[in-house]
Amino acid sequence: PSISRSTTINGKSYDLTGLDPRVTLLDLLRERIYFTGTKKGCDHGQCGACTVHVNGRRVNSCLTLAIMTAGKEVTTIEGLGQPGNLHPMQAAFVEHDGYQCGYCTSGQIMSAVALLKEPIGTTDEDIKQAMAGNICRCGAYPNILAAVKQVRG
Ligand code: FES
């Protein structure tokens, strides 16, 4: 069987042939194909600003080599919704002011959307625990929690 050398990002195929295998998914997104909605905070897997989906699961793109996504589907905040056609989680963050400076927001939203499909409990504490990998230095946590709860129902 042939080995896939391409990855699909927001529905479009990208050829990874010749890409330095040390390039992270985060750097591929931001510096090579300019999906700059995904943010680099720590570059060490500690802040969550770089969260994207790979085959529907949330990952820290700073800890994921781009080549590891060959044959897989990557979704970034740009692929989630568009102005005028926001994903319900994006709309809830707007409605509840789930941000202040906005730097962590893409990662927060990508995590929040992924957790909708994860087997976590329904209490505030359960949601806070599930979102613990996404740091907000402005401290917008109460509003983020309100947004996530609205979409989870
Ligand atoms: Fe990836 Fe902070 S930039 S976790």
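All of the numbers you see were taken from the coordinates with simple rules; none came from a lab. Here the structure is a predicted model, which is why all the values come from computation and not from measurement. All Cβ positions, glycine included, derive from the backbone under ideal geometry; neighbour counts span all protein chains shown.
Numbers at a glance
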item	result
Computed helical MRE - 222 nm, the chain, DSSP H runs ≥ 4 contributing -39500 (n - 2.57), nearest 500	-7500 deg cm²/dmol
Cα-based shape type of region 81-152, given that a ≥ b ≥ c are square roots of the gyration tensor eigenvalues and the cut on a/c is 1.5	oblate
Environment charge at Arg32 (Cβ cut-off 12 Å; Lys +1, Arg +1, Asp -1, Glu -1)	-3
Pair Ala132, Ser6: separation of 7 Å Cα→Cβ label points (nm)	4.1
The chain, relative contact order in percent, only Cα pairs under 8 angstrom and at least six apart counted	24
Choice from Gln100, Gln108, Gln90 showing the highest fluctuation, given a GNM over the chain with Cα pairs closer than 10 Å	Gln100
The chain: C-alpha pair distances exceeding 28 Å, %	19
Highest-MSF residue in the chain out of Leu80, Leu19, Leu28 [GNM, Cα springs under 10 Å]	Leu19
Percentage relative contact order, region 6-79, counting C-alpha pairs under 8 Å, at least six apart	41
Residue-wise HN-Hα coupling along region 51-68, computed from phi with Karplus coefficients 6.51, -1.76, 1.60 (Hz; x: Gly, Pro)	5, 9, 9, 10, 6, x, 9, 7, 9, 7, 5, 6, 9, 10, 6, 4, 5, 5
Bridge type composition, the chain - antiparallel percent by DSSP, nearest 5	85
Computed magnitude of the charge dipole of the chain (debye, nearest 20; Cβ of K, R +1, Cβ of D, E -1)	220
Max mean-square fluctuation residue, GNM over the chain, Cα-Cα springs under 10 Å, options Pro21, Pro88, Pro119	Pro119
